[in-house]
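The values are calculated or read from the model by the stated rules, or taken from the named source; none is laboratory data. Fair warning: this is a prediction, and the values are worked out from it, not measured in the lab. Cβ sites come from the backbone with ideal geometry, for glycine too, and all protein chains shown count toward neighbours. Each accessible area value is taken on the protein alone, full model and side chains, heavy atoms only, with ligands, DNA and RNA left out. Shrake-Rupley method; radii C 1.70, N 1.55, O 1.52, S 1.80 Å.
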Amino acid sequence: MAKSKTRKNVSEIPVVGDVDDWEADVIKALLEIPPKGECIFYIDSAGGSVYGALAVLTLMRHRQLDATGIVLGECSSAALLLFAACRVRFVTPYSTLLFHRMRWQSEKRVGSDEAYLWAKHFEEMEKDIDNLQVRLFGAAEELIRTWTEGGHYVTGPQLVAAGLAQLLEV
């Protein structure tokens, strides 16, 4: 993973591809930043594992990092959690963001008792993640919930109009 420093010693971190593709590299990069340091995330991710995104977000918050998120192309699904956690957010007129409820995917073979318990856990976690995302964005709660519940694709200009990001002209 290519990580670089700008003149002001701000770490620049690419967040490209599926969460599973970038989680470990981003965590390593965040651990190299001093607590309360700064970083810029360059995001082009369709999402993936909510657990992986939560791991990155948790480390970022624990280390009290001052983050800027820039959506280069797409920022969807679990990747939205990282973007929402950034203090400063930029999108382009061409950015696309997919808001949707958490999805359950498993290739594991499990018994009915375990499946029942997982379904109960999943239902609670889904609500918790939706609430976390709203809290992280810090504004436009009703609109974010509408987008999430409806599985909406949102454009950069729509995000700017909602007061959730700034426009970066291309």
Q: Calculate how many DSSP beta bridges within the stretch 11-156 are antiparallel, expressed in % of all such bridges and rounded to the nearest 5.
A: 15 percent
**Q.** Accessible-area composition of the chain, carbon plus sulfur, in percent [1.4 Å probe]
**A.** 51 percent
**Q.** Accessible solvent surface per residue of the stretch 31-78, calculated while the other protein chains remain in place, 1.4 angstrom probe, Å²
**A.** 42 Å²
(Q) With angles folded into 0 to 90 degrees, how steeply does helix 19-31 sit against the dominant principal axis of the chain? Use alpha carbons for both and round to 10. (A) 50 degrees
Q: Work out the charge dipole of the chain with +1 on the Cβ of Lys and Arg and -1 on the Cβ of Asp and Glu about the Cα centre, then indicate which of 67, 45, 111 is farthest towards its positive end.
A: 67
**Q.** On Cα atoms only, tilt of 112-137 relative to the major axis of the chain in degrees
**A.** 30 degrees
Q. Taking the Cα-to-Cβ direction at residue 112 and at residue 161 and moving 7 Å from each Cα, how far apart do the two end points lie in nm?
A. 5.0 nm
Q: Take a quick pass over the chain and tell me how many lysine pairs come in under 30 angstrom between Cα atoms, counting only ones 8 or more apart or on separate chains.
A: 12
Q: In nm, give the distance between the simple-model label positions of residue 8 and residue 96, each being 7 Å from the Cα along the Cα-to-Cβ direction.
A: 3.2 nm
Q | Net charge contributed by nearby residues that have their C-beta within less than 15 Å of residue 55 (K/R +1, D/E -1) | A | -2
Q.
On a full-extension model of 0.36 nm per residue, what is the gain between residue 87 and residue 126, subtracting their alpha-carbon distance, rounded to one decimal in nm?
A. 11.7 nm
Q. What angle, in degrees between 0 and 90 and rounded to the nearest 10, separates the Cα long axis of helix 50-62 from the longest principal axis of the Cα atoms of the chain?
A. 50 degrees
Q: Work out how much length residue 59 to residue 18 would gain on full extension: take 0.36 nm times their residue separation and subtract the Cα-Cα distance, in nm to one decimal.
A: 12.9 nm
Q) Which residues in the stretch 137-161 place their backbone N less than 15 Å from a point set 7 Å from the Cα of residue 46 along the Cα-to-Cβ direction? A) 153
Q) How large is the charge dipole for the chain, taken about the Cα centre, if only the Cβ atoms of Lys, Arg (+1) and Asp, Glu (-1) carry charge, to the nearest 20 debye? A) 600 debye
